[in-house]
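The values are calculated or read from the model by the stated rules, or taken from the named source; none is laboratory data. Predicted model, so just to flag it, every value in this text is computed and none were measured. Methodologically, a virtual Cβ is constructed for each residue, glycine included, from the backbone with ideal geometry; neighbour enumeration extends over all protein chains shown. Ligands, DNA and RNA are stripped out before the accessible areas are found, and what is left, the full protein with its side chains, is counted by its heavy atoms. Shrake-Rupley method; radii C 1.70, N 1.55, O 1.52, S 1.80 Å.
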Amino acid sequence: MINISNKAQNHFISLLSKEPVGTQIRVFIINPGTQNAECGVAYCAKDEVEKNDIKLNYNNFFVYVDRSIVSFLKNSEIDLIVDNLGSQLTFKTPYAKKNISKKTVSSLQERIEEFLNTNVNPQLSMHGGKVNLIKISENKIAFIQFSGGCNGCSMIGTTLKETVEKKILSFFPEIKQVIDQTNHLHGNHSFY
């Protein structure tokens, strides 16, 4: 799935040797399947591994990838380019911006659910959160619910208005309003 050159693998091993024991690598894509797709590589501490992650084995380290973006990582490559100015990791993902949905989505509810999963949840998952569409009322109000790190987060009002609602209303003009039905509880799971 991800071809990591020997130079890049050695670079990762060197970087990880300076991090707390158990730290590995995470590969992610923000907004997969859209023209705004952005790929990245980050450290992944033991407690940041999610249920939905796939673990890829490399020489002396692991790479974690959220299962939902696997198809966008087809033929991807990570390399280390070294020149007179220094070194730089490169990450090529030819399918990151391709809309590769496996099924035809027809109903408004299905289209919004697919939209949330490909355009909103990848960003929220970086903070351990997620948003789901609960239902669409007859008068075209979308009822949503946040979970994970979004539940009780101090920034939930901004996330609702500036990210979720703005995107849904922009891409689905038939929706008149977005209402959050989450019973927000502050706790250890909340992102602050």
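Of note:
- Mean residue ellipticity (222 nm) of the chain, computed from DSSP H runs ≥ 4 via -39,500 (n - 2.57), nearest 500: -4000 deg cm²/dmol
- Shape of region 13-109, Cα gyration tensor, a/c cut at 1.5: oblate
- Under 9 Å, Cβ to Cβ, from Lys92 - net charge with Lys/Arg +1 and Asp/Glu -1: -2
- Couplings for region 108-121, taken from phi via the Karplus curve 6.51 cos²θ - 1.76 cosθ + 1.60 with θ = phi - 60°, read 4, 4, 5, 5, 5, 4, 4, 4, 4, 5, 9, 10, 10, 4 Hz in order; Gly and Pro are left as x.
- Orientation-averaged projected area, Cα convex hull of region 1-47 (nm²): 4.3 nm²
- Difference of contour (0.36 nm per residue) and Cα-Cα distance, Lys176 to Val49: 42.0 nm
- Share of alpha-carbon pairs per 5 Å distance bin for the chain, given as whole %: 1, 7, 14, 16, 17, 15, 12, 8, 5, 3, 1, 0, 0
- Heavy-atom surface analysis with a 1.4 Å probe gives the chain a carbon and sulfur content of 49 percent of its accessible area.
- Between Lys74 and Gln123, the C-beta separation translates, for a Förster distance of 35 Å, into a calculated FRET efficiency of about 0.95.
- The chain - accessible surface per residue (Å², probe 1.4 Å): 59 Å²
- Solvent exposure of Val21, expressed as accessible area, is near 140 Å², computed with a probe of 1.4 Å over the protein chains only.
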